[in-house]
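Accompanying notes for the structure given below.
Derivation of every value follows stated rules applied to the coordinates shown; laboratory data play no part. The shown structure was predicted, so the numbers you read here are calculated from the model rather than taken from an experiment. Please note: Cβ atoms are built from the backbone with ideal geometry, for glycine as well, and neighbour counts cover all protein chains shown.
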Amino acid sequence: MIEIGAQVDLSHPAERVWRALTDRELLGRWFAEAEMVEGVPDRMLLHTAGLPGFEANVEVEVTERQEPDLLVLACDEAGRLSELTCTVTTTKQGCRLELREVSTHGAWSAEQHEPREQQLRQALTVRLPAILDWLAFQQVDLRRADGGMTAELPLIGVRGRAGRNPRRRRTVVVAVVAGAVLLAGTTAWVTLPPDSKPAAAPAPTTTASPTVTADRTTVAPTATASARPSRTTASATARPSRTPSAKPSRTPTSAAPPPPSAPSVTARYETESDRLFGYTGEIVVGNPGAAPVADWAVVVTLAEGTTVDDVDGANWRQDRRVITFTGAAVAAGGSQTISFDVRDSRPKAREPESCTIGGQPCAGL
């Protein structure tokens, strides 16, 4: 028996996830195009031929249904039979969806197994959340003047109704989403001041410095160039000249500041995937030193109106918009990856405002 499985935590109610699993048009948006088999109500044909890990289209038939918690499908891919179980479990943040496929006749080759599982994970973690966010967006009343996008309306159906033009309905939906995104973005033009010209250095001044001899009372001025004003002697008497002895000049030397010490750990931020009303962020904590580092903390400040749904790879605590990640010691020359899902109140997701580790900014943000 060969098994393929994947799961994802979603910030959506179980009923909405159930609809994405059972609605033919929605299923085609996040997994594969589907069409009903004529004359058989609980049977569909998934156009999976050409997808990674699939060699042909898959014919599926519902064998068990417990809305909105359990859906079991019998699958036939060109004579290779399997059973796909979809389990939806309610959580505090929304629900958890788990998919498990077990072969019942025939087997997938080694070349099929890994890409097939990756295709399933990609669909669950990237495309399905985007479809669910899109569905949730249909329930928001954009015409409310106050309170923002909070009013829940009856769910707008995706399937076409008799007497309505489905192409026109899709155009209206796309126009609403595009309009919201355009209104959310603004452009600031910054005018830089013109470069100021450097002030010219003052020209050297010519002053007369007296020359005193031992046997003459005449003072012969000698022209010398000086960068600063010099005193001139009003009168001089004949006396032996006294030449001051030259003293070594004392020029203060400034010691070069010591080079900054290399940080014990570093961090790099990257947005792994984004979608309507949210994104998945990833932080890689690295230890370039020669000894393990146990005391480390990554502090992330989220944008206003965003919250963390789930974290993988670290312990975390939240104080309003500030999230602090900690974890096990990072081995010398090793790294640790933190992945976290963020919900955004706006359609166009916004990255964190800042990310630091040990007071130093994270790279990539």
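Pull out the extension gain between Ala331 and Asp295, defined as 0.36 nm times the separation in residues minus the alpha carbon to alpha carbon distance; nm, one decimal.
Numbers: separation 36, 0.36 × 36 = 12.96 nm, distance 1.18 nm.
Stretched fully, the Ala331-Asp295 segment lengthens by 11.8 nm.
Classify region 27-122: rounded, prolate or oblate, from the alpha-carbon gyration tensor (a ≥ b ≥ c, eigenvalue square roots; a/c under 1.5 rounded; otherwise prolate if a/b is larger than b/c)? Walk me through the intermediate numbers first.
Details: a/c = 1.63, a/b = 1.22, b/c = 1.34.
In terms of gyration-tensor shape, oblate.
State whether region 1-53 is rounded, prolate or oblate according to the following rule on the C-alpha gyration tensor (a ≥ b ≥ c being the square roots of its eigenvalues): a/c under 1.5 gives rounded; otherwise a/b larger than b/c gives prolate, and the remaining case gives oblate.
On the way: a/c = 1.77, a/b = 1.15, b/c = 1.54.
Note, shape of region 1-53 comes out oblate.
I want to check the label-to-label distance for Ala110 and Ala303. Put each point 7 Å from Cα in the C-beta direction and report it in nm to one decimal.
Here the answer is 4.6 nm between the modelled labels.
What GluC sites (Glu not before Pro) does region 28-90 have in DSSP loop regions with at most 11 other beta carbons within 10 Å?
Listed in order of number, the matching sites are Glu38.
Applying the Karplus parametrisation 6.51 cos²θ - 1.76 cosθ + 1.60 with θ = phi - 60° to the phi angles of region 325-342, what ³J(HN,Hα) value in whole Hz is obtained for each residue in order, glycine and proline being reported as x?
Residue by residue, region 325-342 yields 9, 9, x, 5, 4, 8, 5, 4, x, x, 8, 9, 9, 10, 10, 9, 9, 10 Hz.
Residue by residue through region 96-103, which ³J(HN,Hα) values in whole Hz follow from phi under the Karplus form 6.51 cos²θ - 1.76 cosθ + 1.60 (θ = phi - 60°), with glycine and proline marked x?
Calculated HN-Hα couplings, in order: 10, 10, 10, 10, 9, 10, 10, 6 Hz.
Applying 1/(1 + (r/R0)^6) with R0 = 30 Å to the Cβ-Cβ distance of Lys92 and Glu55, what FRET efficiency is obtained, to the nearest 0.05?
0.15
Enumerate the amide H contacts of Val37 below 5 Å, restricted to partners 5 or more residues apart or on another chain; note that Pro and chain-start residues carry no placed amide H.
The answer is Arg43, Met44, Leu45.
Contour minus end-to-end for Met36 and Val72, with contour as 0.36 nm per residue of separation and end-to-end as the Cα-Cα distance? Each step should come with its number before you reach the end.
On the way: separation 36, 0.36 × 36 = 12.96 nm, distance 1.70 nm.
Gain on extension, Met36 to Val72, equals 11.3 nm.
If I model a spin label as a point 7 Å beyond the Cα along the Cα-Cβ vector, how far apart are those points for Glu25 and Glu272 in nm?
With each label point 7 Å from Cα toward Cβ, the separation is 3.2 nm.
Once amide H atoms are built 1.01 Å from N in the peptide plane, which residues 5 or more positions from Cys362, or in another chain, come under 5 Å H to H?
Cys355, Thr356, Ile357
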